[in-house]
Amino acid sequence: MNYSIHYYSASVQATVLNLPATLQARYIGLTDRMMVRGANLGDPHTKALGKGLFELRLMGAEGVARVFYCTLSGRRIVMLHGFVKKTQKTPDAELDTAIRRMKEVKNADT
């Protein structure tokens with residue numbers, strides 16, 4: 001049984017699918033792999049951040065992007081938040097958004 005990809009909202013889906021071309025291509029390639037192999041592809045593609053939150057690490061000619069996601073029962077992967085990185089460290093506000101959304105989807109799943 002394969003995994004399925006879901007989005008926290010239509011705006012998250014639009015943000016992720018409107019990334020610059022090479023980042024978008026990388027996202028599509030990695031999520032295709034995730035649907036077969038599961039949420040954790042390992043370094044350098046994914047990183048577990050703890051408490052059920054993961055980041056998808058995208059690198060391309062246009063720069064670096066991150067997409068935060070979590071998993072739910074029934075082999076569902078939920079994309080919570082995405083952004084193009086402009087600094088080496090992930091801004092706290094971006095991480096806080098992902099954590100808040102993860103809590104919402106996990107509470108709604110119970």
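Computed packing ranks the peptides 61-71, 4-14, 96-106 as 61-71, 96-106, 4-14, most packed first, by mean other Cβ atoms within 10 Å.
What's the FRET efficiency of N2 with V64 using the Cβ-Cβ distance as r and R₀ = 35 Å, to the nearest 0.05? Here the calculated transfer efficiency is 0.80.
Put a plus charge on the Cβ of each Lys and Arg, a minus charge on the Cβ of each Asp and Glu, and nothing anywhere else: the dipole of the chain about its Cα centre is then about 160 debye.
Taking a straight Cα-Cα cut-off under 25 Å and skipping sequence neighbours fewer than 8 places away in the same chain, the lysines within cross-link reach of K51 are K85, K89, K103, K106. Multiplying the residue separation of S9 and N107 by 0.36 nm and removing their Cα-Cα distance gives an extension gain of 33.7 nm.
Under 18 Å Cα to Cα from K86, which aspartates and glutamates show up? Leave out anything in the same chain fewer than 8 places away. Result set, ordered by chain and number: E55, E62, E94, D96. Between the stretch 50-101 and the stretch 9-27, what is the separation of their alpha carbon centroids in Å? Going from one Cα centre to the other spans 12 Å. Note on the stretch 39-110: Rg/Rh from Cα positions, Kirkwood definition for Rh, rounded to two decimals, is 0.97.
All of the numbers you see were taken from the coordinates with simple rules; none came from a lab. All of these numbers come straight from a predicted model, not from anything done at the bench. Every residue, glycine among them, receives a Cβ derived from its backbone with ideal geometry; neighbour counts consider all protein chains shown.
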